[in-house]
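Notes to accompany the following structure.
The values are calculated or read from the model by the stated rules, or taken from the named source; none is laboratory data. Small disclaimer: the values here were computed from a predicted structure and weren't measured. Glycine also receives a Cβ, built like all others from the backbone with ideal geometry; neighbour counts cover every protein chain displayed.
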């Protein structure tokens, strides 16, 4: 049994995450592996659309920037880099990484690409979509693509072949972390207890700064030091599946039981049943203990057999969202902004025949918590926001036009008009038996 | 003697989303306040107070060793990122909606 620990860091917790904390980790972290988790459901769908317009695109737009910054450091530190930045086009991403490694003079590097997550061909007319609760053929929107959540197998296979860089498309986020642990400690895939432990580590790590003091500060209640320079996390993992979560000395932020507990339950439903392609993980017995400044040990995760079915995200083109805003401030701001909203609703209906009423928010009075009944009554700095979802782009353009026309025709003192139209992407889930999905591995040498 | 305070004074929270389902975890800073969460941050109270937003079933999971609980709120995101026109379509700020509740402290 190995005695030494495995040091794994997070280089990104979402597609647009910062670069400098990742470079710092690659340079000073003395890491065995660094994981860049960059793939949300919508990010992948956007990638599918990009790939459709240009077959060379569809992977993370920051891939090249990140690789140029960290590849030489990873090479020097013998740190394996694992990332889902391949998004909708992992092979093109892999080739881009090989080109960059050549350009940077890093011969002998091995880049592995894991695909096999594309599940579009496995869907049929009667495939059941879970949330709209209907068959695919009864759903009115145009499908963009479907991707299954792969587990650790493909990444472990790549590491067995001594890959220095592993690029994937859709892989379950915690699997990006569990895979190098399974490989290093030689945990069997059906060692459910270890899989549960490694999944808990991956889950706590996958959002990067969200466990080191990011997304945490509440001045006066939860103060965070030097938050502008928050460091990204490191997990020091032991063979038995326990870990210490920490960060580099000299970085901002904090790792304490509060930051770790918040992240432990982030986007979790039943803590006793966290389903991934690798395991049914159980965090309900988790222990979170401070072991020093910016050091927290996590232990107590359990695991049961993995689910037989894999989750597949199906993306659809969902028309457009139009949003337009205008500000009113000073005495009577709230009444003038309300009046402006009434004008918009009335004109959309009567002049333009738009059937759906727009959503109207009074930012500063009642907006994000408006539906919950929360209202501030004495605001004198109010921004009217009008929003609508529509399958017809012209309707969204009409909304923007009407709000802009308030500048001359609306209540007194309106200013600061802005308007935006963006395409809307819908994502829903279905399940596919795991026997129908297999990871595919391609290996390229620099 | 009891006194009232906002939940934010004794607890911290984080919200996450999956589809049209939100989850908000709430943790007591001091273990002695964990029973306050258990007794007063109940699904019934959330439904009563924020029923217009939290329109579905509310499930609560207790994590005594972490002095916290996980609230799982079905149909609580105005349709979620697919449908919601709320600026905060992920419901990230639901954590502070709940932290604004008042509680009785022993």
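Among the residues of region B:8-20 satisfying the criterion of being touching a strand residue (DSSP E or B) at 6+ places or on another chain (Cβ under 7 Å) and at the interface with another protein chain (Cβ under 7 Å from one of its Cβ atoms), which is nearest to residue B:74 (Cα to Cα)?
This residue is B:16.
Taking the condition more than 25 Å from residue A:317 (Cβ to Cβ) and surrounded by fewer than 22 Cβ atoms within 10 Å (Cβ to Cβ), does residue A:96 pass?
yes
So which residues in region A:280-300 are on the phi > 0 side of the Ramachandran plot and either buried (at least 19 other Cβ atoms within 10 Å of the Cβ) or in contact with a strand residue (DSSP E or B) (Cβ under 7 Å, 6 or more places away or on another chain) (or both), if there are any at all? Give the steps one after another, and end with the answer.
Kept after step one, since they are on the phi > 0 side of the Ramachandran plot, are these residues of region A:280-300: A:292, A:294, A:300.
Answer for region A:280-300, where residues must be on the phi > 0 side of the Ramachandran plot and either buried (at least 19 other Cβ atoms within 10 Å of the Cβ) or in contact with a strand residue (DSSP E or B) (Cβ under 7 Å, 6 or more places away or on another chain) (or both): A:294, A:300.
Which of the helices (runs of 4 or more DSSP H) contained wholly in region A:119-227 include at least 2 residues that are within 14 Å of chain B (Cβ to nearest Cβ) and closer than 28 Å to residue B:16 by Cα?
In region A:119-227, A:192-205 are the helices (runs of 4 or more DSSP H) which contain 2 or more residues that are within 14 Å of chain B (Cβ to nearest Cβ) and closer than 28 Å to residue B:16 by Cα.
Six or more apart or on different chains, Cβ atoms under 8 Å: show the pairs whose first residue is in region A:214-227 and free of Cβ contacts under 8 Å to residues at least 40 places away in the same chain and whose second is loosely packed, with under 13 Cβ neighbours inside 10 Å.
A:217/A:223
So which of A:342, A:305 is surrounded by fewer than 17 Cβ atoms within 10 Å (Cβ to Cβ) and in contact with a strand residue (DSSP E or B) (Cβ under 7 Å, 6 or more places away or on another chain)?
It is A:305.
Take the conditions surrounded by fewer than 23 Cβ atoms within 10 Å (Cβ to Cβ) and within 14 Å of chain B (Cβ to nearest Cβ) and apply them to residue A:320. Does it pass? So that I can check it myself, show each step before the final result.
Working: surrounded by fewer than 23 Cβ atoms within 10 Å (Cβ to Cβ): yes; within 14 Å of chain B (Cβ to nearest Cβ): yes.
Here the answer is yes, as residue A:320 does meet what is asked.
So, in region A:250-274, how many residues would count as being more than 7 Å from every other protein chain (Cβ to nearest Cβ), part of a loop (DSSP other than H, G, I, E, B) and either surrounded by fewer than 19 Cβ atoms within 10 Å (Cβ to Cβ) or on the phi < 0 side of the Ramachandran plot (or both)?
Within region A:250-274, the subset more than 7 Å from every other protein chain (Cβ to nearest Cβ) is A:250-257, A:259-260, A:263-264, A:272-274.
Those left that are additionally part of a loop (DSSP other than H, G, I, E, B): A:250-251, A:253-256, A:272-273.
Applying the additional criterion that residues be either surrounded by fewer than 19 Cβ atoms within 10 Å (Cβ to Cβ) or on the phi < 0 side of the Ramachandran plot (or both) yields A:250-251, A:254-256, A:272-273.
Residues in region A:250-274 being more than 7 Å from every other protein chain (Cβ to nearest Cβ), part of a loop (DSSP other than H, G, I, E, B) and either surrounded by fewer than 19 Cβ atoms within 10 Å (Cβ to Cβ) or on the phi < 0 side of the Ramachandran plot (or both): 7 in total.
Tell me, please, whether a residue that is within 14 Å of chain B (Cβ to nearest Cβ) and surrounded by fewer than 23 Cβ atoms within 10 Å (Cβ to Cβ) can be found in region A:234-242.
The answer is no, given that none of the residues of region A:234-242 is within 14 Å of chain B (Cβ to nearest Cβ) and surrounded by fewer than 23 Cβ atoms within 10 Å (Cβ to Cβ).
Can you pull out the residues in region A:275-311 that are under 24 Å from residue B:57 (Cα atoms), assigned to a strand (DSSP E or B) and out of contact with any helix residue (DSSP H, G or I) (no Cβ under 7 Å at 6 or more places or on another chain)?
Hits for region A:275-311 are A:275, A:280, A:311.
Being outside any loop (DSSP other than H, G, I, E, B) and at pLDDT 95 or above narrows it down to one of A:112, A:88, so name that one.
Step by step, each of A:112, A:88 is checked, and only A:112 is outside any loop (DSSP other than H, G, I, E, B) and at pLDDT 95 or above.
Are any residues in region A:377-394 within 20 Å of residue B:78 (Cβ to Cβ) and either exposed (fewer than 13 other Cβ atoms within 10 Å of the Cβ) or more than 10 Å from chain B (Cβ to nearest Cβ) (or both), and if so, which ones?
A:383, A:384, A:390, A:391
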